[in-house]
Amino acid sequence: MIVALGADHAGFAMKQDLVAFVRDLGHEAHDLGTSSEESVDYPDFAASVAQAVADGKANMGVLVCGTGLGMAIVANKIRGVRAVSCSDSYSVRMARAHNDANVLTLGSRVIGGGIAQEIVRQFLDSAFEGGRHSRRLEKFPA
Ligand code: RB5
């Protein structure tokens with residue numbers, strides 16, 4: 001699987017760790033920045049990762065900011081993207097199974113690195129269930 005990852009300055013350290021983690025899981029990780037803890041604007045990175053997923057350049061996206069919230073708001077403005085902010089493994093599993101989420105956003109000031117890795121693992125390992133959930137996805141406004 002190709003996974004695009006991005007972060008702002010608040011999520012930089014966690015994103016660096018997750019790039020390596022995703023590669024260790026056997027996936028291809030595309031690091032779309034940021035590349036330091038210098039202050040940047042999270043919408044720039046949310047849009048890059050979300051667009052990569054929408055364009056089919058990546059199968060999944062992972063975004064990290066301080067809360068995970070700004071990244072999710074921006075990513076969901078890109079057509080075809082279903083971004084969820086998760087901080088527990090049940091939610092991320094259901095976001096894949098029922099909502100076919102294709103972008104995960106994390107808050108580096110909300111969860112620690114170990115939980116973040118578990119959530120990313122669950123996100124990449126869980127499958128969409130289809131069936132009645134496909135019908136519901138088809139009702140999403142364009
Ligand atoms: C940066 O301070 C912070 O606002 C950003 O990382 C993010 O949490 C926004 O949603």
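Values as computed for the structure displayed
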| item | result |
| --- | --- |
| Evaluation of residue 70 against (1) within 10 Å of the ligand (Cβ to nearest atom); (2) outside any helix (DSSP H, G or I); (3) under 13 Å from the mean Cα position of the chain (by Cα) (one fails), failing number | (2) |
| Residues located in segment 73-91, provided they are within 16 Å of the ligand (Cβ to nearest atom) and farther than 9 Å from residue 104 by Cα | 73, 74, 75, 76, 77, 87 |
| Hits in segment 32-49 (condition: under 21 Å from residue 111 (Cβ atoms), under 12 Å from the mean Cα position of the chain (by Cα) and either of a type outside the set (Phe, Trp, Tyr) or not in a helix (DSSP H, G or I) (or both)) | 46, 49 |
| Failed item in (1) more than 18 Å from residue 19 (Cα to Cα); (2) away from the ligand (no atom under 13 Å from the Cβ), with residue 112 passing the rest | (1) |
| Selected residue (criterion: surrounded by the fewest Cβ atoms within 10 Å (Cβ to Cβ)) from residues of segment 1-58 that are among the aromatic types (Phe, Trp, Tyr) and within 16 Å of the ligand (Cβ to nearest atom) | 12 |
| All positions within segment 108-142 that are in a loop (DSSP other than H, G, I, E, B) and in contact with a Phe, Trp or Tyr (Cβ under 9 Å, 6 or more places away or on another chain) | 108 |
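Read-outs: derived from the displayed coordinates by stated rules, not from any lab. Small disclaimer: the values here were computed from a predicted structure and weren't measured. In this analysis, Cβ positions are derived from the backbone assuming ideal geometry, glycine residues included, and neighbour counts consider all displayed protein chains.
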